[in-house]
Amino acid sequence: MKDKIGNLKTGSMALAMILCAGVFFMEIRGIVRAAEPEKNLSALQITWDDYRSTEKVEPTVMHFSLEGGIEIDRELPWYPSVVKQIAYRDITGDGQDEVLVYRYFANTATEYTLIDVFEIQEDSVRYLSPAADLEELSDQVWDMTLQAASSEKPAEENSGLLFRLESYEKEYGVTSRAETALVGYREGGWQILERVSWKVKRAVEKVKNLTA
């Protein structure tokens, strides 16, 4: 997770891109839900403050209202960003839905879809995103998509869902894909199932061309 100083380095460019991409966003001043949660989350209410609601270059803050009047706030990394939608999926494979927050973020390299994962308990909210738990993924921003897993493991050991993460870099005005990682929640934690460094592959190809 980047600190505020690192995030602010991309702030001015991201702000301009967000302004230009206004038609891309949903109207988000209230509660927006992609799907109704399962019964275990029926009492949950979610609101947020982001660039569109505060009109300032500040972090996105999620506000969770739990059963019994418990209020919990969580500040999200990478800003300025805009919340696009809220979805509910069982990511951990325990039969209970987690909350997925889809956000739009842009920096000098490209535009990203960020997916923040939260595990909701009766009186707590746990931030469960892959890049937050896996130190080797925490040093860069990832464009994220959710996809179905293959059936290489029994259902009780596999949540059936994976995250595909793509990172990008910009050099001499050209944006290129840097890395791809496939991660899944397995045995109580995130695991990197596959990882490819396109940057290294390109470097190897350059060396081969020079020595050919």
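Quick notes on this structure:
- Ligands, DNA and RNA are left out, and with a 1.4 angstrom probe the accessible area of segment 58-165 is 42 Å² per residue.
- Projecting label points 7 angstrom from Cα along Cα→Cβ for residue 47 and residue 71 puts them 0.9 nm apart.
- The slack in the chain from residue 133 to residue 175, taken as 0.36 nm per residue of separation less the alpha-carbon distance, amounts to 12.4 nm.
- Anisotropy class of segment 38-86 from Cα gyration tensor, a/c 1.5 cut: prolate
- Rolling a 1.4 Å probe over the protein heavy atoms leaves residue 47 with an accessible area of roughly 60 Å².
- Residue by residue, segment 65-81 carries 3J(HN,Hα) couplings of 10, 9, 4, x, x, 7, 10, 10, 10, 9, 8, 9, x, 6, 7, x, 9 Hz when phi is fed to the Karplus relation 6.51 cos²θ - 1.76 cosθ + 1.60 (θ = phi - 60°); x denotes Gly or Pro.
- For segment 57-201, the fraction of 1.4 Å probe accessible surface lying on carbon and sulfur atoms is 44 percent.
- Shape class of segment 71-138 from the Cα gyration tensor (axes a ≥ b ≥ c, square roots of the eigenvalues): prolate, since a/c reaches 1.5 or more and a/b is larger than b/c.
- What the phi angles of segment 178-187 give under the Karplus curve with 6.51, -1.76 and 1.60, with θ = phi - 60°, is a coupling list of 9, 8, 10, 9, 10, 10, x, 8, 9, 6 Hz, glycine and proline written as x.
- Computed on protein heavy atoms with a 1.4 Å probe, the accessible areas place 49, 123 in the order 123, 49, largest first.
The values are calculated or read from the model by the stated rules, or taken from the named source; none is laboratory data. Source: prediction; values computed, not measured. Every residue, glycine among them, receives a Cβ derived from its backbone with ideal geometry; neighbour counts consider all protein chains shown. Areas reflect the complete protein model, heavy atoms only, side chains present, ligands, DNA and RNA absent. Shrake-Rupley method; radii C 1.70, N 1.55, O 1.52, S 1.80 Å.
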